[in-house]
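**Q** For reference, the structure I am asking about is given below.
The values are calculated or read from the model by the stated rules, or taken from the named source; none is laboratory data. Remember, predicted model here, so these are calculated numbers, not experimental data. Cβ sites come from the backbone with ideal geometry, for glycine too, and all protein chains shown count toward neighbours.
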Amino acid sequence: MSHIVIDARIINSSTGRYIERLLTYLEKIDKTNNYTILVPSVDIYCWKPANKNFRVMPADFKNYSISEQLGFNKFLNSLQADLVHFCMPQQPVLYRKNKVTTVHDLILFNTYNSDKNWLLFHIKQAIGRLVFKSVGKRSTVVITPSQYTKRDFVKFARIPEDKARVIYDAADKVGVKSRTYKLPFKKYLLYVGSQTDYKNIKRLITAHQKVRDTYDRNLGLVLVGRKSYYTEKHEEFTNKIGAEGVLFTGFLPDDQLAYLYKNAAAYVFPSLMEGFGLPGLEAMQFGTPVISSYATCLPEIYGGSAIYFNPTDPDDMADRIISVLSDKKLLKDLSKRSKERVKDFSWERCARETHQAYLDALGQKK
């Protein structure tokens with residue numbers, strides 16, 4: 001019997017669904033080893049264990065901070081874990097004991113977020129590079145959610161390829177009992193997620209306006225995501241260019257989100273870079289056609305079940321949207337392929353493969 005600690009401090013972030021699903025299925029798989037789940041005090045009730053061998057403990061150490069590097073290191077050592085799974089790369093570089101780390105992407109080093117102080121952001125990037133390279137060298141196993149991210153990280157950290165293994169995320173049904181959401185238009189394109197700069201929302205809004213101008217004046221664009229600095233900037237952009245038919249919903253509960261996924265004419269994913277691309281898979285569960293950027297890992301995840309465009313070209317984006325919406329046969333085919341594609345991904349499989357990574361790191365057999 002081993003003591004496994006899971007650093008779940010980002011359980012209430014955009015990556016939180018990965019952690020919540022992983023924990024939920026791990027409970028069903030491992031009733032032998034003891035688990036301690038670390039979360040911030042404010043998120044202590046985000047996930048409740050059902051099994052006695054799982055417990056939740058508060059850990060208030062901010063990412064990329066001095067307290068993370070020193071205080072968290074001391075805290076982890078006090079737990080006397082046989083293995084720590086860091087669900088994100090940010091971790092104390094001085095923690096040298098047995099560990100598994102999930103690296104979701106390298107977006108931190110390839111973007112600049114315009115809401116951040118330029119100097120502080122680049123200091124964070126410098127610290128991040130140090131931490132990520134330490135992760136590669138010090139982790140017994142590195143988990144990535146796509147082959148693209150694995151190749152990216154192996155090259156970045158200069159580690160043996162066999163140290164990193166791909167364990168795909170998945171998509172559970174979002175709000176099975178869907179509740180209606182009142183919209184000012186009957187037909188709409190949908191985007192779900194954060195609106196940081198690399199998500200490429202301005203070009204999506206521009207492409208949507210072209211589709212309205214040249215194909216369907218009544219087509220709406222629904223942007224779902226928690227209100228932030230970025231949504232305010234995109235609302236300002238929408239007003240500045242006189243864009244019509246654009247709706248910013250803010251955060252929505254899963255039952256309303258399910259309604260929007262199910263009834264969208266298409267889900268459009270304009271992102272310039274991703275480590276996996278979960279929202280597109282969530283849309284596919286409802287048979288909603290996905291029209292996606294061809295950047296980074298997205299063709300790997302969506303395969304032949306999506307139509308792709310150049311994310312830096314709003315005209316190409318608009319043309320692909322029109323080509324899908326105007327072709328009933330293609331719409332039906334994409335819907336069918338989407339439902340089949342999503343079956344290739346499973347949270348239970350993700351948890352089982354992650355559990356196997358634990359056993360390998362611990363030198364245990366099943």
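**Q** Just checking, which of ASN63, ASN77 is under 20 Å from the mean Cα position of the chain (by Cα) and either assigned by TED's automatic domain parsing to the domain that holds GLN356 or among the β-branched types (Val, Ile, Thr) (or both)?
**A** Working: ASN77 fails: under 20 Å from the mean Cα position of the chain (by Cα).
That would be ASN63, the only listed residue that is under 20 Å from the mean Cα position of the chain (by Cα) and either assigned by TED's automatic domain parsing to the domain that holds GLN356 or among the β-branched types (Val, Ile, Thr) (or both).
**Q** Output the residues belonging to the stretch 267-285 that are surrounded by fewer than 23 Cβ atoms within 10 Å (Cβ to Cβ) and either more than 19 Å from the chain's Cα centre (by Cα) or of a type in the set (S, T, N, Q) (or both).
**A** GLN285 - this is the single residue of the stretch 267-285 that is surrounded by fewer than 23 Cβ atoms within 10 Å (Cβ to Cβ) and either more than 19 Å from the chain's Cα centre (by Cα) or of a type in the set (S, T, N, Q) (or both).
**Q** Now, a different point. If you go through the stretch 210-224 one residue at a time, how many are within 28 Å of the chain's Cα centre (by Cα) and either on the phi > 0 side of the Ramachandran plot or surrounded by fewer than 17 Cβ atoms within 10 Å (Cβ to Cβ) (or both)?
**A** 0
**Q** Here are some residues: PRO270, PRO253. Which one is touching a residue at least 40 places away in the same chain (Cβ under 8 Å) and touching a strand residue (DSSP E or B) at 6+ places or on another chain (Cβ under 9 Å)? Steps first, please.
**A** Details: PRO253 fails: touching a strand residue (DSSP E or B) at 6+ places or on another chain (Cβ under 9 Å).
The match here is PRO270.
**Q** Of the conditions (1) in contact (Cβ under 8 Å) with a residue 24 or more places away in the chain; (2) among the hydroxyl-bearing types (Ser, Thr, Tyr); (3) surrounded by fewer than 22 Cβ atoms within 10 Å (Cβ to Cβ), TYR294 clears all except one; give me its number.
**A** (1)
**Q** Working only within the stretch 1-54, note down all residues that are acidic (Asp, Glu), surrounded by fewer than 22 Cβ atoms within 10 Å (Cβ to Cβ) and under 26 Å from GLY277 (Cβ atoms). Walk me through how you get there before you give the answer.
**A** Start the filter on the stretch 1-54 by keeping residues that are acidic (Asp, Glu), which leaves 7, 20, 27, 30, 43.
Keeping just the survivors that are surrounded by fewer than 22 Cβ atoms within 10 Å (Cβ to Cβ) gives 20, 27, 30, 43.
The answer is GLU20, ASP43.
**Q** Here are some conditions: (1) surrounded by fewer than 21 Cβ atoms within 10 Å (Cβ to Cβ); (2) closer than 17 Å to ALA266 by Cα. ALA207 meets all but one. Which one does it not meet?
**A** Answer for ALA207: the failing condition is (1).
**Q** Every residue in the stretch 230-256 that is closer than 15 Å to ARG179 by Cβ and surrounded by 13 or more Cβ atoms within 10 Å (Cβ to Cβ), please.
**A** Residues satisfying the conditions are THR249, LEU252, ASP254, ASP255, GLN256.
**Q** Right, another one. Go over the candidates LYS31, LYS52 one by one and state the one that is among the charged types (D, E, K, R), closer than 15 Å to ILE4 by Cβ and without any contact (Cβ under 8 Å) to a residue 12 or more places away in the chain.
**A** Details: LYS31 fails: without any contact (Cβ under 8 Å) to a residue 12 or more places away in the chain.
One residue alone meets the criteria, LYS52.
**Q** In the stretch 343-352, is there at least one residue being touching a Gly at 6+ places or on another chain (Cβ under 7 Å) and either of a type in the set (A, V, I, L, M, F, W, C) or free of Cβ contacts under 8 Å to residues at least 60 places away in the same chain (or both)?
**A** Looking only at the stretch 343-352, we keep the residues that are touching a Gly at 6+ places or on another chain (Cβ under 7 Å), and these are none.
No.
**Q** Out of all the residues in the stretch 152-167, which are more than 18 Å from the chain's Cα centre (by Cα) and either farther than 19 Å from ALA351 by Cα or in a loop (DSSP other than H, G, I, E, B) (or both)?
**A** Those that are more than 18 Å from the chain's Cα centre (by Cα) and either farther than 19 Å from ALA351 by Cα or in a loop (DSSP other than H, G, I, E, B) (or both): VAL154, LYS155, PHE156, ALA157, ARG158, ILE159, PRO160, GLU161, ASP162.
**Q** Take ARG217 and decide whether it is part of a loop (DSSP other than H, G, I, E, B), at pLDDT 95 or above and over 17 Å from TYR261 (Cα atoms).
**A** Values: part of a loop (DSSP other than H, G, I, E, B): yes; at pLDDT 95 or above: yes; over 17 Å from TYR261 (Cα atoms): yes.
Yes, satisfied.
**Q** Only one of (1) touching a residue at least 24 places away in the same chain (Cβ under 8 Å); (2) closer than 20 Å to GLY16 by Cβ is not met by LEU83, so which one is it?
**A** It fails just one condition, (2).
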